[in-house]
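Since the structure comes first, as structure tokens, the remarks are kept for the end.
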Amino acid sequence: MTSYTVAEPAYLKIFFHAAKHPHKPVNGVLLGTKSGSAVIIEDAVPLLHHWTSLSPMMEIGLDLAAQYAESVDMKLVGYYQASDRLDDTSLVPVGEKVAGKIRAGFSDAVAFVIDGEKLGTDEAALIPYVPTPSSSWRPYAGEPAPFSPNSTFKLASSDLPRRAVILVRDEHRHQKFGDFDDHLEDVSIDWLRNKACLPTPS
């Protein structure tokens, strides 16, 4: 069975994207590598916060993200989204389409929907979605539950959710974060790397 580990840069960027646009739907793609049956989700590239459809801007952003992933010896391994409502944790049809496109190039692709009600807590604010034989996507229902001990879904460090909250609340790191939408308005915003928002390694 394939396992998935979400590394610090990926989790923080997903969190910052949702925190910067709390009342808008946001989405992006996940970059990573696979070794044996283990997928390491190493990074995230944020796409849009104005999206409601599979627009030309989404397609361009996806292509650029895929090119960037290749340039750093990674590939697109998944998709993430957040709704504009805290209690909405469904993977929208557009999200299913994008996740399906990613899966066409990486058979173990996964999708995450941000759980708005867990964003400010010590728990991983991610709900994994996996493909079904009919090519639709459903929340992962295996045991143990995602991000619990011995789960096939894990965080690289268990304190990541708490650290993400501190970085937003105390250091306002999400204000240094930009997605493809932001880049289209200000080309100086480095939406592919977003290094400015990440804490420097100690």
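Pairs linking a residue in the stretch 145-164 that is under 17 Å from PRO199 (Cβ atoms) to a residue that is in a loop (DSSP other than H, G, I, E, B) and not charged (D, E, K, R), with Cβ atoms under 6 Å and 6 or more positions apart or on different chains, are LEU155/ALA124; ALA156/ALA7; PRO161/ALA124. Of all residues in the stretch 70-114, those that are loosely packed, with under 15 Cβ neighbours inside 10 Å and of a type in the set (A, V, I, L, M, F, W, C) total 2.
So if I check each of THR121, THR132, which one is surrounded by fewer than 19 Cβ atoms within 10 Å (Cβ to Cβ), closer than 19 Å to PRO146 by Cβ and in contact with a strand residue (DSSP E or B) (Cβ under 6 Å, 6 or more places away or on another chain)?
On the way: THR121 fails: in contact with a strand residue (DSSP E or B) (Cβ under 6 Å, 6 or more places away or on another chain).
Just a single option satisfies the conditions, and that option is THR132.
One residue stands out in the stretch 58-69 among those that are out of contact with any Phe, Trp or Tyr (no Cβ under 7 Å at 6 or more places or on another chain) and of a type in the set (A, V, I, L, M, F, W, C): the one that is surrounded by the fewest Cβ atoms within 10 Å (Cβ to Cβ), namely ILE60. Scan the stretch 46-77 for residues that are in contact with a strand residue (DSSP E or B) (Cβ under 9 Å, 6 or more places away or on another chain) and hydroxyl-bearing (Ser, Thr, Tyr) and the total you get is 2. As a summary of the residue check, ALA44 satisfies the conditions (1) free of Cβ contacts under 8 Å to residues at least 60 places away in the same chain; (2) closer than 23 Å to ARG162 by Cβ; (3) touching a helix residue (DSSP H, G or I) at 6+ places or on another chain (Cβ under 9 Å); (4) surrounded by fewer than 23 Cβ atoms within 10 Å (Cβ to Cβ) except for the one numbered (4). Any residue in the stretch 76-86 that is closer than 24 Å to GLY116 by Cα, polar (S, T, N, Q) and in a strand (DSSP E or B)? So far as the stretch 76-86 goes, yes, one or more of its residues are closer than 24 Å to GLY116 by Cα, polar (S, T, N, Q) and in a strand (DSSP E or B). Scanning the stretch 183-196 for residues that are in contact (Cβ under 8 Å) with a residue 60 or more places away in the chain and out of contact with any Asp or Glu (no Cβ under 9 Å at 6 or more places or on another chain) returns LEU184, LEU192.
The stretch 87-202 holds no helices (runs of 4 or more DSSP H) entirely within its bounds that carry 3 or more residues that are touching a Lys or Arg at 6+ places or on another chain (Cβ under 6 Å) and over 18 Å from HIS21 (Cα atoms). Within the stretch 52-75, residues that are in contact (Cβ under 8 Å) with a residue 12 or more places away in the chain and more than 13 Å from THR33 (Cα to Cα) reach partners that are of a type in the set (Asp, Glu) and part of a helix (DSSP H, G or I) with beta carbons closer than 8 Å, at six or more positions or on different chains, in the pairs MET57/ASP181.
Taking the stretch 144-202 as the range and being among the β-branched types (Val, Ile, Thr) and closer than 23 Å to GLY32 by Cα as the test, the residues that pass are THR152, ILE189, THR200. Considering only residues of the stretch 28-77 that are of a type in the set (S, T, N, Q) and either within 21 Å of LYS154 (Cβ to Cβ) or at pLDDT 95 or above (or both), which is nearest to the chain's Cα centre (by Cα)? Per the criteria, the residue is THR33.
The values are calculated or read from the model by the stated rules, or taken from the named source; none is laboratory data. What you see is a predicted model; the values in this text were computed from it and never measured. Quick reminder, even Gly has a Cβ in these numbers, built from the backbone with ideal geometry, and neighbours come from all protein chains shown.
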